[in-house]
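The values are calculated or read from the model by the stated rules, or taken from the named source; none is laboratory data. Treat the numbers as computed from the prediction; the structure is a model and nothing was measured. Note that we place each Cβ from the backbone using ideal geometry, even for glycine, and neighbour counts take in every protein chain shown.
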Amino acid sequence: MAFNWNPLNLFRRIPPNLARKKRLEALLARIADADVAADHISLWVALINAVRPSRVLHTDEAALVLGEITQMLAETPRSRHALRTALLKLFVDHKQISLYVSSGLLPSTGFFSEIARRISHRLLPDVVSPIYLKDLLTVIFHHKDDEIWVEALPNEVWLNFFRVLLEGEEDAAPENVPAQNNEGPLPLALSEMLEALRILSFHVSAIGLDPELVRVDPQLEEVESPFLAQNVEVVAWLEAYRTWWVKPETPLQDEAHLDVMLDQCGEVLQRVRRRASRQGTSLTLTFTLERLRQHLDRIHELLMLLRELHQTRSVTALLPQAVALFKQMVHAECRKNRLSDYWSTNVHLLSLRMTESASKKGEKYITTTRGEYFGMLGSAALGGFIIAFMSAFKIVLSGLHLAPLTEALCFCLNYGIGFALIHFLGGTVATKQPAMTANAIAASIGEMRGKTRDLDNLATVVVRTLRSQFAAVVGNLALSVPMAILFSLVYQHVVGNSFIGVGKADQLLGDAHPLSGAPFFAAVAGVCLFLSGLIAAYYDNLTAYNRIPERLAQLRWPRRLFGEANAQRFTAYVENNLGALAGNFFFGFLLGGATALGVLFGLPLDIRHIAFSAAYVGYATAAYDFTLSVSVLGVTVAGVLLIGMVNLLVSFTLALFVAMRSRGITFAQGGMLFALVSRRFFSYPLDFFLPTRHAEPPPAPPAPATE
């Protein structure tokens, strides 16, 4: 056919809906004329390619195209018949069991083995086997982000499409319905779904007898395990279901006992999780519990489909549940090699256990009474006293000009031993609080569960937290600066020389200047503070999980050497403080290591900590014989306060984010909480700094019950 080029075509634009309609009509004509026996997979690939939006977030575009295809299928019986036959052939010619028993479910290989598998399959994708329906999903939905628009499309759009496609399926000719298997007159798709349910039940039995679960919940060995009992009920129910399908007049066995067994499995799962939060958890236990939950959920989904089929004996009646399962399968297959998904699925559960432990520790850093407030002030003063000497040791070590690695190790030990000593003696480092108090606040937000009337209680917690943090900062600074000055004066009186020279004093003052790199280096210290909080929570969890106190109590030689009472006190101290000691010690190594990394890689990397910076200002002031000008001193004090604010803000924000993320919390009332706290500040400003004698504003009364 000759092609006549017309210059006017340059100025004539075909309406987009007309071009799309012609494209879809051509697609449906191709489907109507296709050899379904040979091209049933390619037909579905072409259809999904037509529906897929130009941009993954343009779901309105995909919904419009799928709606137009649905309308055209309703008007073109030949295309509808061909596409329906292609859909049925997917279930006839390809094995479905693996789709139900493995797609979206964690494997039995273990946490790290699955990480290695996902990395290797990302680099070198697995072979797609055409005999498995599970693998065909990755062929049909072959774009890496297909699951986004598939899930975003409203269920009604998919339901309308499948209803039109399957219209008249019950009256279709025998060659168009799923083939029969060799075991009886069950349709193949139904037979494989029943077999998948049986396999999932066996998997649940095996997971439920895992030694990790039995260790946490010894009752599983003492009474009949519901994980074994559910398998007996599932197998019996499946046999009855097969009999009912052949003889519809046969009543299906009572399902109540099966539901009871499955509910008991879910209760055991929750009980083990609660105990793990107290006794500690591990990646293996977290992996096992998540795998068990996924299998129980999949059993419930398949049972829902089969029960609906029992009620109606119609495929179209299953579509609401089937569409939800279809979206879940597409999501699982599109993201089966995503390491980030797998990591977040498991690690957020582990981090939840750790942050729950940290929230319990954080409660002691939130003072309520005047006695607790002044106790915090005193413990912070003790921390400031020790920090003044740690700062002096740091100055001495830097003046020795040791080899870089030796100097870095000495800095780390100075920080680590000093912070551990502060905790051991009952002192407090102000900047260590936010990582713990943030977890306690996140726990309070989680308990609210969106109840606006509880905001008053949460605002009270925030006010108490800010007041406690203020006391800790004041306590640290109240002794670190005077002790630094006193140490310098004593040193000068005894030795006859100033502890540091004017050049070193200028360097220390410059390090605290607001326009230097102090804010950035303070943020680095804030990250270290956040990480030390995670380390402390990890060791608390490790102590409980490995039952270290109980194992220490079994040792005979400490009791013989130190006596029964002292050995018990030591065991109790380890139980309550091992995490905090580890967090403080490693916090020192993080601070010293950050500077060492900067030297090693030639990066402008250093740390600034409010208590140390304040102590350095004290040493510099003494070096200048208290002759610093008001302007210099004012700028330096402003820099120290800025360092402290960044320290606290960064560590608190990171800890709060992780704690809320691990709990799956979204806090929509942030603006209301900020307004409520602001009103508290203007009404009772002293409450943010001192425990005033008047009563704090009472919590809001419960909301009245509504009919």
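Check whether at least one residue in segment 58-80 is in contact with a Ser or Thr (Cβ under 9 Å, 6 or more places away or on another chain) and closer than 28 Å to Ser191 by Cα, and report yes or no. The answer is no; no qualifying residue exists.
Among Ser120, Ser108, Ser79, which is the only one that is surrounded by 14 or more Cβ atoms within 10 Å (Cβ to Cβ) and either part of a strand (DSSP E or B) or out of contact with any helix residue (DSSP H, G or I) (no Cβ under 7 Å at 6 or more places or on another chain) (or both)? Explain how you work it out, then say what you get.
Working: Ser120 fails: surrounded by 14 or more Cβ atoms within 10 Å (Cβ to Cβ); Ser79 fails: either part of a strand (DSSP E or B) or out of contact with any helix residue (DSSP H, G or I) (no Cβ under 7 Å at 6 or more places or on another chain) (or both).
Only one candidate qualifies: Ser108.
Looking across Ala623, Ala615, one residue alone is under 19 Å from Lys432 (Cα atoms), buried (at least 22 other Cβ atoms within 10 Å of the Cβ), modelled with pLDDT of 85 or more and among the aliphatic types (A, V, I, L, M). It is Ala615. Residues in segment 59-76 that are surrounded by fewer than 17 Cβ atoms within 10 Å (Cβ to Cβ) and farther than 22 Å from Glu167 by Cα: Asp60, Glu61. Would it be correct to say that Ala229 is exposed (fewer than 14 other Cβ atoms within 10 Å of the Cβ), among the aliphatic types (A, V, I, L, M) and on the phi < 0 side of the Ramachandran plot? Here the answer is no, as Ala229 does not meet what is asked.
Checked against (1) outside any helix (DSSP H, G or I); (2) of a type in the set (A, V, I, L, M, F, W, C); (3) in contact with a Lys or Arg (Cβ under 9 Å, 6 or more places away or on another chain), Ala567 meets all criteria but (1). For segment 30-55, filtered to residues that are closer than 21 Å to Ala19 by Cα and of a type in the set (Val, Ile, Thr), the residue that is surrounded by the fewest Cβ atoms within 10 Å (Cβ to Cβ) is Val45. Scanning segment 195-225 for residues that are at pLDDT below 90 and in contact with an Asp or Glu (Cβ under 9 Å, 6 or more places away or on another chain) returns a single hit, Val214.
Regarding Leu258, is this residue within 18 Å of Ser205 (Cβ to Cβ) and touching a residue at least 12 places away in the same chain (Cβ under 8 Å)? Break it down into steps so the answer makes sense when it comes.
On the way: within 18 Å of Ser205 (Cβ to Cβ): yes; touching a residue at least 12 places away in the same chain (Cβ under 8 Å): yes.
Yes.
Note on segment 658-687: among residues that are modelled with pLDDT of 80 or more and crowded, with 17+ Cβ neighbours inside 10 Å, the one that is farthest from Asp456 (Cα to Cα) is Asp687.
Looking across segment 364-378, just one residue is surrounded by 21 or more Cβ atoms within 10 Å (Cβ to Cβ) and at pLDDT 85 or above, and that is Met376. For segment 123-139, give me each residue that is of a type outside the set (D, E, K, R) and assigned to a loop (DSSP other than H, G, I, E, B). Hits for segment 123-139 are Leu124, Pro125, Val127, Val128, Ser129, Pro130, Ile131.
Scanning segment 378-432 for residues that are more than 26 Å from Thr653 (Cα to Cα), in a helix (DSSP H, G or I) and of a type outside the set (A, V, I, L, M, F, W, C) yields Gly378, Ser391, Lys394, Ser398, Gly399, Pro404, Thr406, Glu407, Asn414.
Tell me, yes or no, whether segment 496-504 has at least one residue that is of a type outside the set (Lys, Arg), part of a helix (DSSP H, G or I) and buried (at least 17 other Cβ atoms within 10 Å of the Cβ). Give the derivation first.
At the first step, the residues of segment 496-504 found to be of a type outside the set (Lys, Arg) are 496-503.
Those still in the list that are part of a helix (DSSP H, G or I) too: 502-503.
Those left that are additionally buried (at least 17 other Cβ atoms within 10 Å of the Cβ): none.
For segment 496-504, residues of a type outside the set (Lys, Arg), part of a helix (DSSP H, G or I) and buried (at least 17 other Cβ atoms within 10 Å of the Cβ): absent.
Answer yes if at least one residue in segment 587-603 is surrounded by fewer than 16 Cβ atoms within 10 Å (Cβ to Cβ) and part of a loop (DSSP other than H, G, I, E, B), and no otherwise. Yes, segment 587-603 contains a residue that is surrounded by fewer than 16 Cβ atoms within 10 Å (Cβ to Cβ) and part of a loop (DSSP other than H, G, I, E, B). Within segment 488-514, residues that are under 30 Å from Ala525 (Cα atoms) have Cβ atoms under 9 Å from residues that are acidic (Asp, Glu) and assigned to a loop (DSSP other than H, G, I, E, B) in these pairs: Ser498/Asp625; Asp511/Asp606, counting only partners at least 6 apart in sequence or on another chain.
Taking Ile485, is it among the aliphatic types (A, V, I, L, M) and out of contact with any Gly (no Cβ under 8 Å at 6 or more places or on another chain)?
Working: among the aliphatic types (A, V, I, L, M): yes; out of contact with any Gly (no Cβ under 8 Å at 6 or more places or on another chain): no.
Here the answer is no, as Ile485 does not meet what is asked.
From the list Leu285, Leu262, Leu302, Leu269, the one residue that fits, being over 27 Å from Asp126 (Cα atoms) and modelled with pLDDT under 85, is Leu285.
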